[in-house]
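Data first, discussion second: the structure below is written as structure tokens.
The values are calculated or read from the model by the stated rules, or taken from the named source; none is laboratory data. In this text, all values refer to a predicted model and were calculated from it rather than measured experimentally. For neighbour counting, all protein chains shown are included, and Cβ atoms are generated from backbone atoms with ideal geometry for every residue, glycine included. Ligands, DNA and RNA are excluded from the accessible area calculation, which covers all protein heavy atoms including side chains. Shrake-Rupley method; radii C 1.70, N 1.55, O 1.52, S 1.80 Å.
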Amino acid sequence: MLAVVVTAVTAATLVIWSAATPSPLPPPSSDRPPPRSTPVAPPEPLERLAEPATPPSGTEPAPAPAPAPAPARELVAAAEGVANPGMTFGVAVLDVDTGDLVVGRGGTRQFMSASLCKLIVAVDVLDQHRAKGLSVDPTDLDLITRALSGSDDNAMSALWGRHDGAGAIGRVATRLTLTGTAAPEDTAMWGDTTTTAADMTKIYRHVLRDMAQQDSAVIVKALVTASPVATDGFAQNYGLLHQGASADVYAKQAWVEWGPAGYLLHSAGVAYDRDTNRAYAIALLTTQPNTPEQTARDHLSKIAAAALAPLAT
């Protein structure tokens, strides 16, 4: 059981700024694929591949109006509108295409990351191999997939030991300018890593915009295929995954019993608006003391559903 300390809830805030894209690691050689200028998009439905009907002779089809992108501010406001006032809550949404970041209630508040740190370590392992011009060991690829998809603690512990996990947290925080992400004081307790909702959205933008496509695909595929039930038996169908993981909505989940008689539940991931094909990184972090497990899960799912409602997912 992880030792945890519950801290006071900060006042609600809403801050908007344009986040500069973090500088990628220097290429190890001239053959490194350059960072992509567009994020990984979900697959297009087959009907979008059909040829348009030929208009009658002498007429031109009226251009279809371009759908307006859902602003990140709208997603944050929707989430805040249904958040239980009794929970400690952190929310942030980042438009992956523009880098515009909206930090809402508790968005810069430090939370114990629990399993969210599995994503941070996976990013560092892939980034370090890319920077050194080395292929990723098949064992590491398997451990990353298990740690992200099934939230396998044993796989994470192996990665943490093989790749200087505490150092990995610091390296990612420095490269991406994450102000609230830090390694645990007891470096053996990887779940005690701290992070914020705002920092988690920046990590997802790094995955989709800065990482080499092959590396980004490792992470995205693992999250898109997240198992309904984690390796430890905890169901992952809550928060952003309340309807399951898909190419349109995928996330890393985190949970731990939180005294007294409550839960820490996080859900941080990416949702695509199918009308505009824009990607939004969404982070919802909570601690819910004195709350039964199912109630805590329902609370976070309600918040996530509200945040996703402005999107055509």
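Structure notes:
Let's see how each residue does on (1) at pLDDT below 95; (2) touching an Asp or Glu at 6+ places or on another chain (Cβ under 7 Å); (3) surrounded by 18 or more Cβ atoms within 10 Å (Cβ to Cβ):
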{"residue": "140", "(1), (2), (3)": "no, no, yes"}
{"residue": "155", "(1), (2), (3)": "no, no, yes"}
{"residue": "168", "(1), (2), (3)": "no, yes, yes"}
{"residue": "185", "(1), (2), (3)": "no, no, no"}
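Okay, residues lined up against (1) touching a residue at least 40 places away in the same chain (Cβ under 8 Å); (2) small (Gly, Ala, Ser):
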{"site": "103", "(1), (2)": "yes, no"}
{"site": "115", "(1), (2)": "yes, yes"}
{"site": "142", "(1), (2)": "no, no"}
{"site": "148", "(1), (2)": "yes, no"}
{"site": "153", "(1), (2)": "yes, no"}
{"site": "171", "(1), (2)": "yes, no"}
{"site": "180", "(1), (2)": "yes, yes"}
{"site": "184", "(1), (2)": "no, no"}
{"site": "195", "(1), (2)": "yes, no"}
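- Being assigned to a helix (DSSP H, G or I), among the hydroxyl-bearing types (Ser, Thr, Tyr) and surrounded by 22 or more Cβ atoms within 10 Å (Cβ to Cβ) is true of residue 204.
- Test result for residue 173, open to solvent by 10 Å² or more (accessible area, probe 1.4 Å), under 14 Å from residue 113 (Cα atoms) and in a helix (DSSP H, G or I): yes
- Scan of region 96-116 for residues that are open to solvent by 10 Å² or more (accessible area, probe 1.4 Å) and of a type in the set (Val, Ile, Thr), ordered by number: 98, 108
- Number of positions in region 287-312 that are within 16 Å of the chain's Cα centre (by Cα) and of a type in the set (S, T, N, Q): 1
- The requirement of being touching a strand residue (DSSP E or B) at 6+ places or on another chain (Cβ under 7 Å), modelled with pLDDT under 95 and farther than 21 Å from residue 171 by Cα is not satisfied by residue 62.
- Members of region 262-277 found to be over 15 Å from the mean Cα position of the chain (by Cα) and more than 23 Å from residue 117 (Cβ to Cβ), listed by number: 273, 274, 275, 276, 277
- Sole exception among (1) touching a Pro at 6+ places or on another chain (Cβ under 7 Å); (2) closer than 14 Å to residue 165 by Cα for residue 122, by number: (1)
- Here residue 120 passes the criteria (1) assigned to a loop (DSSP other than H, G, I, E, B); (2) touching a helix residue (DSSP H, G or I) at 6+ places or on another chain (Cβ under 6 Å); (3) modelled with pLDDT of 95 or more except the one numbered (1).
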